[in-house]
Amino acid sequence: MLKAILNRIIPHPQLTGFLLLTWLLLVNSISTGNVLLGLIIGLLIPGITQPFWPDRPKIARPLKAVEYVLLVLWDICVANVTVARIILFKSNANTHSHWIVVPLEVRSPEAITILAGTITMTPGTVTSMLAADASHLLVHCLHTDDPDAVRDEIKHRYERRLKEIFE
Amino acid sequence: MELIAEILVSALLVIAGLFGLLGSWGLVKLDDTMRRLHAPTKATTLGVGGVLIASMIYFAVFLDHLTFHELLITAFLFITAPITANFVAKAHMHRDIKERDLPPTGGQYGWAGYDEIGDAEQPIDTK
Amino acid sequence: MITYALYFATVCFSIGLVLNIWRIRNAQGVVDRILALDTMVVNAIALIIIYGILENTAVYFEVSLLIAMFGFVSTVAYCRFILRGNIIE
(Lines give C-alpha, C1' and ligand atoms only; values in the text may rest on other atoms or scores of the structure.)
Protein backbone atom coordinates (compact mmCIF):
# COMPACT_ATOMS: atom_id res chain seq x y z
CA MET A 1 0.00 0.00 0.00
CA LEU A 2 2.68 2.45 1.08
CA LYS A 3 4.81 1.31 -1.79
CA ALA A 4 2.00 1.93 -4.29
CA ILE A 5 1.49 5.48 -2.98
CA LEU A 6 5.24 6.11 -3.08
CA ASN A 7 5.35 4.76 -6.64
CA ARG A 8 2.60 7.19 -7.61
CA ILE A 9 4.33 10.21 -6.13
CA ILE A 10 7.85 9.30 -7.28
CA PRO A 11 7.39 7.31 -10.49
CA HIS A 12 11.03 7.65 -11.48
CA PRO A 13 13.35 8.08 -8.48
CA GLN A 14 16.59 8.20 -10.53
CA LEU A 15 15.20 10.94 -12.76
CA THR A 16 14.08 12.90 -9.69
CA GLY A 17 17.57 12.70 -8.20
CA PHE A 18 19.16 13.61 -11.51
CA LEU A 19 16.91 16.66 -11.99
CA LEU A 20 17.59 17.82 -8.41
CA LEU A 21 21.34 17.52 -8.96
CA THR A 22 21.16 19.35 -12.31
CA TRP A 23 19.12 22.15 -10.77
CA LEU A 24 21.60 22.58 -7.90
CA LEU A 25 24.48 22.65 -10.39
CA LEU A 26 22.65 25.24 -12.51
CA VAL A 27 21.92 27.69 -9.68
CA ASN A 28 25.33 26.85 -8.18
CA SER A 29 24.32 27.10 -4.50
CA ILE A 30 22.94 24.66 -1.95
CA SER A 31 20.32 26.43 0.16
CA THR A 32 17.02 25.16 1.57
CA GLY A 33 15.01 27.13 -0.98
CA ASN A 34 16.98 25.78 -3.91
CA VAL A 35 16.79 22.18 -2.68
CA LEU A 36 13.02 22.58 -2.27
CA LEU A 37 12.63 24.11 -5.72
CA GLY A 38 14.80 21.33 -7.19
CA LEU A 39 12.65 18.71 -5.44
CA ILE A 40 9.47 20.31 -6.82
CA ILE A 41 10.94 20.25 -10.33
CA GLY A 42 12.19 16.71 -9.79
CA LEU A 43 8.73 15.54 -8.74
CA LEU A 44 6.71 17.51 -11.29
CA ILE A 45 8.63 16.66 -14.44
CA PRO A 46 8.64 12.84 -14.02
CA GLY A 47 4.97 13.05 -13.05
CA ILE A 48 4.03 14.95 -16.20
CA THR A 49 6.29 13.01 -18.56
CA GLN A 50 5.48 9.57 -17.11
CA PRO A 51 3.75 8.34 -20.32
CA PHE A 52 7.07 8.78 -22.14
CA TRP A 53 8.86 6.33 -19.85
CA PRO A 54 7.14 2.99 -20.36
CA ASP A 55 10.01 0.91 -19.03
CA ARG A 56 12.97 1.77 -16.91
CA PRO A 57 16.56 0.76 -17.64
CA LYS A 58 17.86 -1.54 -14.96
CA ILE A 59 21.46 -1.02 -13.99
CA ALA A 60 22.54 -4.27 -12.43
CA ARG A 61 26.00 -3.16 -11.29
CA PRO A 62 26.45 0.58 -10.60
CA LEU A 63 30.15 0.14 -9.72
CA LYS A 64 30.84 -1.37 -13.13
CA ALA A 65 29.09 1.63 -14.67
CA VAL A 66 31.48 4.03 -12.91
CA GLU A 67 34.43 1.95 -14.15
CA TYR A 68 32.97 2.08 -17.66
CA VAL A 69 32.64 5.90 -17.57
CA LEU A 70 36.28 6.28 -16.47
CA LEU A 71 37.43 3.85 -19.16
CA VAL A 72 35.53 5.78 -21.84
CA LEU A 73 36.92 9.13 -20.63
CA TRP A 74 40.45 7.74 -20.87
CA ASP A 75 39.70 6.31 -24.31
CA ILE A 76 38.40 9.70 -25.48
CA CYS A 77 41.78 11.26 -24.64
CA VAL A 78 43.62 8.46 -26.46
CA ALA A 79 41.18 8.75 -29.38
CA ASN A 80 41.97 12.43 -29.76
CA VAL A 81 45.69 11.77 -30.07
CA THR A 82 45.10 8.89 -32.52
CA VAL A 83 42.84 10.96 -34.77
CA ALA A 84 45.19 13.95 -34.48
CA ARG A 85 48.09 11.83 -35.73
CA ILE A 86 46.05 10.48 -38.63
CA ILE A 87 44.91 13.98 -39.63
CA LEU A 88 48.37 15.52 -39.34
CA PHE A 89 50.70 12.83 -40.69
CA LYS A 90 48.70 10.77 -43.19
CA SER A 91 47.87 11.95 -46.65
CA ASN A 92 44.33 11.37 -47.88
CA ALA A 93 45.48 8.66 -50.28
CA ASN A 94 47.19 6.76 -47.45
CA THR A 95 44.17 6.81 -45.18
CA HIS A 96 42.31 3.52 -45.48
CA SER A 97 38.70 4.03 -44.38
CA HIS A 98 36.48 1.01 -43.87
CA TRP A 99 32.89 0.18 -43.09
CA ILE A 100 32.71 -2.26 -40.21
CA VAL A 101 29.69 -4.37 -39.30
CA VAL A 102 29.44 -5.11 -35.59
CA PRO A 103 26.99 -7.89 -34.63
CA LEU A 104 25.28 -6.98 -31.37
CA GLU A 105 24.73 -9.22 -28.38
CA VAL A 106 23.20 -6.58 -26.09
CA ARG A 107 19.46 -6.26 -26.60
CA SER A 108 18.18 -3.44 -24.43
CA PRO A 109 17.76 -0.09 -26.26
CA GLU A 110 19.66 1.81 -23.55
CA ALA A 111 22.69 -0.47 -23.85
CA ILE A 112 22.69 -0.16 -27.66
CA THR A 113 22.42 3.64 -27.40
CA ILE A 114 25.32 3.86 -24.97
CA LEU A 115 27.41 1.48 -27.10
CA ALA A 116 26.73 3.59 -30.22
CA GLY A 117 27.70 6.78 -28.37
CA THR A 118 30.85 5.19 -26.99
CA ILE A 119 31.93 3.99 -30.44
CA THR A 120 31.46 7.49 -31.83
CA MET A 121 33.57 9.07 -29.10
CA THR A 122 36.48 6.59 -29.23
CA PRO A 123 39.44 5.96 -31.57
CA GLY A 124 38.66 6.80 -35.19
CA THR A 125 35.23 5.20 -35.36
CA VAL A 126 31.78 6.70 -35.91
CA THR A 127 28.50 4.81 -35.55
CA SER A 128 26.49 5.39 -38.70
CA MET A 129 23.48 3.12 -38.70
CA LEU A 130 21.65 0.32 -36.98
CA ALA A 131 20.15 -2.69 -38.74
CA ALA A 132 16.37 -2.56 -39.04
CA ASP A 133 15.99 -5.31 -36.43
CA ALA A 134 18.69 -3.83 -34.15
CA SER A 135 20.95 -6.84 -34.56
CA HIS A 136 23.95 -5.19 -36.21
CA LEU A 137 25.70 -1.84 -36.00
CA LEU A 138 27.29 -0.11 -38.99
CA VAL A 139 30.51 1.65 -37.99
CA HIS A 140 32.74 3.87 -40.12
CA CYS A 141 36.43 3.63 -39.32
CA LEU A 142 38.73 6.50 -40.31
CA HIS A 143 41.93 4.50 -40.71
CA THR A 144 42.68 0.84 -40.13
CA ASP A 145 44.55 -1.95 -41.86
CA ASP A 146 42.66 -4.69 -40.04
CA PRO A 147 38.87 -4.10 -39.83
CA ASP A 148 38.27 -7.39 -38.01
CA ALA A 149 40.58 -6.38 -35.16
CA VAL A 150 38.63 -3.13 -34.70
CA ARG A 151 35.37 -5.07 -34.57
CA ASP A 152 36.76 -7.51 -32.01
CA GLU A 153 38.07 -4.68 -29.88
CA ILE A 154 34.69 -2.94 -29.84
CA LYS A 155 33.00 -6.20 -28.87
CA HIS A 156 35.55 -7.12 -26.25
CA ARG A 157 36.25 -3.72 -24.72
CA TYR A 158 32.83 -2.06 -24.64
CA GLU A 159 30.03 -4.49 -25.43
CA ARG A 160 31.18 -7.08 -22.91
CA ARG A 161 31.23 -4.46 -20.14
CA LEU A 162 27.83 -3.07 -21.14
CA LYS A 163 26.42 -6.58 -21.08
CA GLU A 164 27.68 -6.97 -17.53
CA ILE A 165 26.21 -3.62 -16.49
CA PHE A 166 22.75 -4.05 -17.98
CA GLU A 167 22.16 -7.78 -17.68
CA MET B 1 49.82 26.16 -5.19
CA GLU B 2 49.12 29.20 -7.33
CA LEU B 3 52.06 28.38 -9.56
CA ILE B 4 50.90 24.80 -10.07
CA ALA B 5 47.40 26.01 -10.89
CA GLU B 6 48.83 28.58 -13.29
CA ILE B 7 50.89 25.96 -15.13
CA LEU B 8 47.93 23.56 -15.21
CA VAL B 9 45.50 26.18 -16.56
CA SER B 10 48.00 27.36 -19.20
CA ALA B 11 48.79 23.80 -20.30
CA LEU B 12 45.10 22.91 -20.55
CA LEU B 13 44.40 26.05 -22.57
CA VAL B 14 47.27 25.40 -25.00
CA ILE B 15 46.33 21.73 -25.48
CA ALA B 16 42.66 22.65 -25.92
CA GLY B 17 43.52 25.33 -28.47
CA LEU B 18 45.68 22.92 -30.46
CA PHE B 19 42.97 20.24 -30.50
CA GLY B 20 40.28 22.75 -31.42
CA LEU B 21 42.41 23.97 -34.33
CA LEU B 22 43.12 20.38 -35.36
CA GLY B 23 39.41 19.53 -35.46
CA SER B 24 38.74 22.41 -37.83
CA TRP B 25 41.85 21.60 -39.89
CA GLY B 26 40.66 18.00 -40.24
CA LEU B 27 37.33 19.33 -41.49
CA VAL B 28 39.18 21.16 -44.26
CA LYS B 29 41.82 18.56 -45.07
CA LEU B 30 39.94 15.24 -45.23
CA ASP B 31 38.31 14.55 -48.57
CA ASP B 32 35.08 12.69 -47.89
CA THR B 33 32.10 13.65 -45.72
CA MET B 34 32.18 10.39 -43.77
CA ARG B 35 35.87 10.94 -43.04
CA ARG B 36 35.33 14.56 -42.14
CA LEU B 37 32.84 13.49 -39.52
CA HIS B 38 35.69 12.06 -37.42
CA ALA B 39 37.62 15.29 -36.97
CA PRO B 40 35.13 17.66 -35.31
CA THR B 41 33.32 15.11 -33.16
CA LYS B 42 36.50 14.10 -31.40
CA ALA B 43 38.97 16.94 -31.49
CA THR B 44 36.49 19.68 -30.71
CA THR B 45 34.99 17.92 -27.69
CA LEU B 46 38.42 17.64 -26.10
CA GLY B 47 39.20 21.21 -27.21
CA VAL B 48 36.14 22.70 -25.54
CA GLY B 49 36.39 20.26 -22.61
CA GLY B 50 39.95 21.45 -21.93
CA VAL B 51 38.93 25.12 -22.05
CA LEU B 52 36.01 24.45 -19.69
CA ILE B 53 38.12 22.58 -17.14
CA ALA B 54 40.81 25.29 -17.34
CA SER B 55 38.11 27.88 -16.69
CA MET B 56 36.84 25.92 -13.66
CA ILE B 57 40.31 25.67 -12.12
CA TYR B 58 40.98 29.35 -12.87
CA PHE B 59 37.80 30.60 -11.20
CA ALA B 60 38.20 28.27 -8.22
CA VAL B 61 41.86 29.09 -7.51
CA PHE B 62 42.30 32.73 -8.53
CA LEU B 63 38.87 34.24 -7.91
CA ASP B 64 37.64 31.96 -5.06
CA HIS B 65 34.49 31.33 -7.01
CA LEU B 66 33.87 27.62 -7.49
CA THR B 67 31.29 26.99 -10.19
CA PHE B 68 29.99 23.74 -11.61
CA HIS B 69 28.48 25.25 -14.73
CA GLU B 70 31.50 24.15 -16.70
CA LEU B 71 30.91 20.55 -15.71
CA LEU B 72 27.32 20.86 -16.91
CA ILE B 73 28.41 22.30 -20.27
CA THR B 74 31.10 19.61 -20.63
CA ALA B 75 28.62 16.84 -19.83
CA PHE B 76 26.12 18.36 -22.24
CA LEU B 77 28.68 18.52 -25.05
CA PHE B 78 29.89 14.98 -24.41
CA ILE B 79 26.35 13.64 -24.48
CA THR B 80 25.25 15.57 -27.57
CA ALA B 81 28.39 15.06 -29.70
CA PRO B 82 27.66 11.39 -30.58
CA ILE B 83 24.00 12.18 -31.28
CA THR B 84 24.93 15.01 -33.63
CA ALA B 85 27.51 12.83 -35.37
CA ASN B 86 24.99 10.03 -35.78
CA PHE B 87 22.39 12.41 -37.21
CA VAL B 88 24.85 13.96 -39.65
CA ALA B 89 26.03 10.49 -40.74
CA LYS B 90 22.46 9.36 -41.29
CA ALA B 91 21.55 12.49 -43.26
CA HIS B 92 24.66 12.04 -45.42
CA MET B 93 23.87 8.38 -46.10
CA HIS B 94 20.26 9.24 -46.86
CA ARG B 95 21.33 11.76 -49.49
CA ASP B 96 24.56 10.47 -51.00
CA ILE B 97 25.16 6.77 -50.28
CA LYS B 98 23.30 3.93 -51.96
CA GLU B 99 22.62 0.76 -50.04
CA ARG B 100 24.69 -1.34 -52.46
CA ASP B 101 27.81 0.64 -51.42
CA LEU B 102 27.46 -0.57 -47.83
CA PRO B 103 28.44 -4.00 -46.50
CA PRO B 104 25.45 -6.31 -45.89
CA THR B 105 24.16 -6.58 -42.33
CA GLY B 106 24.62 -10.34 -42.23
CA GLY B 107 21.21 -10.56 -40.57
CA GLN B 108 17.67 -11.01 -41.79
CA TYR B 109 17.00 -7.32 -42.40
CA GLY B 110 18.89 -4.47 -44.06
CA TRP B 111 20.09 -1.22 -42.51
CA ALA B 112 17.43 0.85 -40.76
CA GLY B 113 17.65 3.84 -43.09
CA TYR B 114 17.01 1.73 -46.19
CA ASP B 115 14.94 -1.24 -45.08
CA GLU B 116 11.50 -0.76 -43.55
CA ILE B 117 10.09 -3.65 -41.57
CA GLY B 118 6.62 -3.94 -40.04
CA ASP B 119 5.98 -2.52 -36.59
CA ALA B 120 4.84 -5.92 -35.32
CA GLU B 121 8.20 -7.60 -35.92
CA GLN B 122 10.24 -4.65 -34.80
CA PRO B 123 11.80 -5.31 -31.39
CA ILE B 124 13.12 -1.74 -31.03
CA ASP B 125 11.92 1.45 -32.66
CA THR B 126 14.89 2.24 -34.89
CA LYS B 127 13.35 4.99 -36.97
CA MET C 1 51.53 33.05 -18.29
CA ILE C 2 47.80 32.43 -18.28
CA THR C 3 47.23 35.58 -20.35
CA TYR C 4 49.56 34.33 -23.09
CA ALA C 5 47.93 30.88 -23.02
CA LEU C 6 44.55 32.59 -23.35
CA TYR C 7 45.75 34.61 -26.34
CA PHE C 8 47.17 31.45 -27.90
CA ALA C 9 43.89 29.56 -27.46
CA THR C 10 41.94 32.53 -28.84
CA VAL C 11 44.10 32.58 -31.95
CA CYS C 12 43.71 28.79 -32.38
CA PHE C 13 39.93 28.82 -32.12
CA SER C 14 39.68 31.91 -34.35
CA ILE C 15 41.70 30.19 -37.07
CA GLY C 16 39.38 27.23 -36.55
CA LEU C 17 36.38 29.46 -37.20
CA VAL C 18 37.97 30.78 -40.41
CA LEU C 19 38.67 27.20 -41.58
CA ASN C 20 35.05 26.31 -40.86
CA ILE C 21 33.85 29.24 -42.93
CA TRP C 22 36.12 28.08 -45.76
CA ARG C 23 34.51 24.63 -45.53
CA ILE C 24 31.01 26.13 -45.59
CA ARG C 25 31.98 28.14 -48.67
CA ASN C 26 33.47 25.09 -50.46
CA ALA C 27 31.11 22.37 -49.25
CA GLN C 28 30.34 19.24 -51.25
CA GLY C 29 26.74 19.13 -50.17
CA VAL C 30 24.21 20.26 -47.61
CA VAL C 31 25.38 17.75 -44.98
CA ASP C 32 28.91 19.13 -45.18
CA ARG C 33 27.58 22.58 -44.35
CA ILE C 34 25.65 21.26 -41.36
CA LEU C 35 28.80 19.60 -40.06
CA ALA C 36 30.84 22.78 -40.52
CA LEU C 37 28.16 24.89 -38.83
CA ASP C 38 28.06 22.49 -35.90
CA THR C 39 31.83 22.75 -35.53
CA MET C 40 31.50 26.54 -35.68
CA VAL C 41 29.09 26.45 -32.75
CA VAL C 42 31.53 24.39 -30.69
CA ASN C 43 34.41 26.74 -31.53
CA ALA C 44 32.25 29.75 -30.66
CA ILE C 45 31.48 28.25 -27.23
CA ALA C 46 35.20 27.87 -26.56
CA LEU C 47 35.85 31.49 -27.62
CA ILE C 48 33.09 32.81 -25.35
CA ILE C 49 34.47 30.93 -22.34
CA ILE C 50 37.99 32.19 -23.06
CA TYR C 51 36.59 35.71 -23.22
CA GLY C 52 34.91 35.08 -19.86
CA ILE C 53 38.25 34.11 -18.30
CA LEU C 54 39.93 37.18 -19.84
CA GLU C 55 37.26 39.47 -18.39
CA ASN C 56 37.21 37.65 -15.00
CA THR C 57 33.46 37.27 -15.01
CA ALA C 58 31.22 34.20 -14.72
CA VAL C 59 28.36 35.76 -16.69
CA TYR C 60 29.34 34.02 -19.91
CA PHE C 61 28.63 30.48 -18.70
CA GLU C 62 24.91 30.90 -19.14
CA VAL C 63 25.56 32.30 -22.61
CA SER C 64 27.71 29.33 -23.62
CA LEU C 65 25.25 26.84 -22.12
CA LEU C 66 22.43 28.40 -24.15
CA ILE C 67 24.53 28.45 -27.33
CA ALA C 68 25.44 24.79 -26.78
CA MET C 69 21.76 23.89 -26.51
CA PHE C 70 20.75 25.98 -29.52
CA GLY C 71 23.57 24.51 -31.59
CA PHE C 72 22.55 20.96 -30.76
CA VAL C 73 18.85 21.54 -31.40
CA SER C 74 19.44 23.35 -34.69
CA THR C 75 21.83 20.68 -35.99
CA VAL C 76 19.38 17.91 -35.13
CA ALA C 77 16.46 19.85 -36.60
CA TYR C 78 18.35 20.50 -39.84
CA CYS C 79 19.41 16.83 -40.17
CA ARG C 80 15.89 15.69 -39.43
CA PHE C 81 14.56 18.02 -42.08
CA ILE C 82 16.88 16.41 -44.63
CA LEU C 83 16.02 12.89 -43.44
CA ARG C 84 12.24 13.12 -43.14
CA GLY C 85 11.13 16.28 -44.95
CA ASN C 86 9.68 17.86 -41.82
CA ILE C 87 10.84 18.50 -38.29
CA ILE C 88 7.87 17.78 -36.03
CA GLU C 89 5.58 15.06 -37.31
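Structure summary
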read-out	value
Selection from the range A:33-70 of residues that are touching a helix residue (DSSP H, G or I) at 6+ places or on another chain (Cβ under 9 Å), at pLDDT 85 or above and under 19 Å from A:Val106 (Cα atoms)	A:Glu67, A:Tyr68
Hits in the range A:117-129 (condition: farther than 20 Å from B:Glu99 by Cβ and either out of contact with any strand residue (DSSP E or B) (no Cβ under 7 Å at 6 or more places or on another chain) or facing another protein chain (nearest Cβ under 7 Å) (or both))	A:Gly117, A:Thr118, A:Thr120, A:Met121, A:Thr122, A:Pro123, A:Gly124
Residue check, B:Ser10 at pLDDT 90 or above, in contact with a helix residue (DSSP H, G or I) (Cβ under 6 Å, 6 or more places away or on another chain) and hydroxyl-bearing (Ser, Thr, Tyr)	yes
The range B:58-94: number of residues that are closer than 30 Å to C:Met1 by Cα and either touching a residue at least 60 places away in the same chain (Cβ under 8 Å) or surrounded by fewer than 21 Cβ atoms within 10 Å (Cβ to Cβ) (or both)	15
Tally, over the range B:1-57, of residues that are surrounded by fewer than 18 Cβ atoms within 10 Å (Cβ to Cβ) and assigned to a loop (DSSP other than H, G, I, E, B)	3
Which listed residue, of A:Leu88, A:Leu138, is farther than 16 Å from B:Gly26 by Cβ and either open to solvent by 60 Å² or more (accessible area, probe 1.4 Å) or in a strand (DSSP E or B) (or both)	A:Leu138
Subset of the range A:99-115 that is open to solvent by 10 Å² or more (accessible area, probe 1.4 Å) and farther than 18 Å from B:Gly110 by Cα - its residue that is farthest from the chain's Cα centre (by Cα)	A:Ser108
Residues that are small (Gly, Ala, Ser) and over 19 Å from B:Ala89 (Cβ atoms), drawn from the range A:96-115	A:Ser108, A:Ala111
Some residue of the range B:95-102 being within 10 Å of chain C (Cβ to nearest Cβ) and open to solvent by 10 Å² or more (accessible area, probe 1.4 Å)	yes
C:Gln28, sole failed condition from (1) assigned to a helix (DSSP H, G or I); (2) at the interface with another protein chain (Cβ under 10 Å from one of its Cβ atoms)	(1)
Qualifying residue in the range B:63-78 (condition: touching a His at 6+ places or on another chain (Cβ under 9 Å), under 23 Å from C:Ser14 (Cβ atoms) and within 7 Å of another protein chain (Cβ to nearest Cβ))	no
Yes/no for C:Thr10 being over 11 Å from the mean Cα position of the chain (by Cα), under 25 Å from B:Leu71 (Cβ atoms) and hydroxyl-bearing (Ser, Thr, Tyr)	yes
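The values are calculated or read from the model by the stated rules, or taken from the named source; none is laboratory data. Everything numeric in this text was worked out from a predicted model, so none of it was measured. Please note: Cβ atoms are built from the backbone with ideal geometry, for glycine as well, and neighbour counts cover all protein chains shown. Accessible surface areas use protein heavy atoms only, side chains included; no ligands, DNA or RNA. Shrake-Rupley method; radii C 1.70, N 1.55, O 1.52, S 1.80 Å.
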